[in-house]
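Quick notes on the structure that follows.
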Amino acid sequence: MRKGAAAKPATARRAVRKPVSKPPEPAMDLAVGRRIRDLRRAKQMSLELVAARTDLSIGFISQIERGLSSPSLRVLATLADVLGVGIAALFGAAPKDESAGGVVTREVQRAELKLWRTGISKQLLSPAGSESRLNLFLVHLEPGGNTGDEFYTHDGEEAGLVLQGEMTLTVDTETWTLKQGDSFRFASRRPHRFSNPAPDAKAVVLWVNCVTAAG
């Protein structure tokens, strides 16, 4: 009697895992770009004029305005300075609460600016508006988050308090490591930069910016 051929074992299909990559955040870039474009047009400033005053190329500014490039905090501060506003003017409008009277900002109403490429996000704690000259922020620095190697300057004065983690702050030629409970203040025209040096811990800083130039 002929034995039947042994059945071949079923071959299990391997699940092909696609590499997980951090998704871009084009909506944030588009929103910031539109606000920069609208402010520039309201000031009746050409791309050429803004480029000349910021030392940024016309093409780069155009890409930012169209949401094709994600600018750093240094670039945003430089653009806001040339446009005669504080960086708070680049935040999205928060939901209006008529009962707040433009005085109170509820936690759920905070406007936020995510600089996702550099690991920095800023929540606006004061009411949003391009005319505001004194603004309060909650700055979140992811591990390694930083403003870049280049120093930057802008109008006004700033101060802050480290609420969580630690932050490295450089102003002019001096560098300090600030830990929870440490605070700072300096004129924003002094070249500065900052970062979170921790490889695995977030930093949170309460930050105040005061714009002295007329908006």
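Quick check on segment 41-61. Is at least one of its residues surrounded by 13 or more Cβ atoms within 10 Å (Cβ to Cβ), in contact with an Asp or Glu (Cβ under 6 Å, 6 or more places away or on another chain) and of a type in the set (Ser, Thr, Tyr)? Within segment 41-61, not a single residue is surrounded by 13 or more Cβ atoms within 10 Å (Cβ to Cβ), in contact with an Asp or Glu (Cβ under 6 Å, 6 or more places away or on another chain) and of a type in the set (Ser, Thr, Tyr).
Filtered by the rule that a residue be open to solvent by less than 10 Å² (accessible area, probe 1.4 Å) and outside any strand (DSSP E or B), segment 187-205 gives SER188, ASN196.
Residues of segment 165-185 being exposed (fewer than 15 other Cβ atoms within 10 Å of the Cβ) and not in a loop (DSSP other than H, G, I, E, B), which ones? Before you say what the answer is, go through the steps one by one.
Step one: list which residues in segment 165-185 are exposed (fewer than 15 other Cβ atoms within 10 Å of the Cβ), which gives 172-177, 179-181, 183, 185.
Selection gives GLU174, THR175, TRP176, THR177, LYS179, SER183, ARG185.
Within segment 184-206, residues that are of a type in the set (Ser, Thr, Tyr) have Cβ atoms under 8 Å from residues that are in a loop (DSSP other than H, G, I, E, B) in these pairs: SER188/THR153; SER188/HIS154; SER188/ASP155; SER188/GLY156; SER195/GLY144; SER195/GLY145; SER195/THR147, counting only partners at least 6 apart in sequence or on another chain. Looking only at residues in segment 132-164 that are outside any strand (DSSP E or B) and polar (S, T, N, Q), the one that is most open to solvent (accessible area, probe 1.4 Å) is THR153.
In this structure, is LEU68 open to solvent by 40 Å² or more (accessible area, probe 1.4 Å) and more than 29 Å from ALA187 (Cβ to Cβ)?
Yes, satisfied.
The values are calculated or read from the model by the stated rules, or taken from the named source; none is laboratory data. Given the structure is predicted, the values throughout are model-derived calculations rather than measurements. As a convention, Cβ positions derive from the backbone with ideal geometry for all residues, glycine included, and neighbour counts pool all protein chains shown. Ligands, DNA and RNA are stripped out before the accessible areas are found, and what is left, the full protein with its side chains, is counted by its heavy atoms. Shrake-Rupley method; radii C 1.70, N 1.55, O 1.52, S 1.80 Å.
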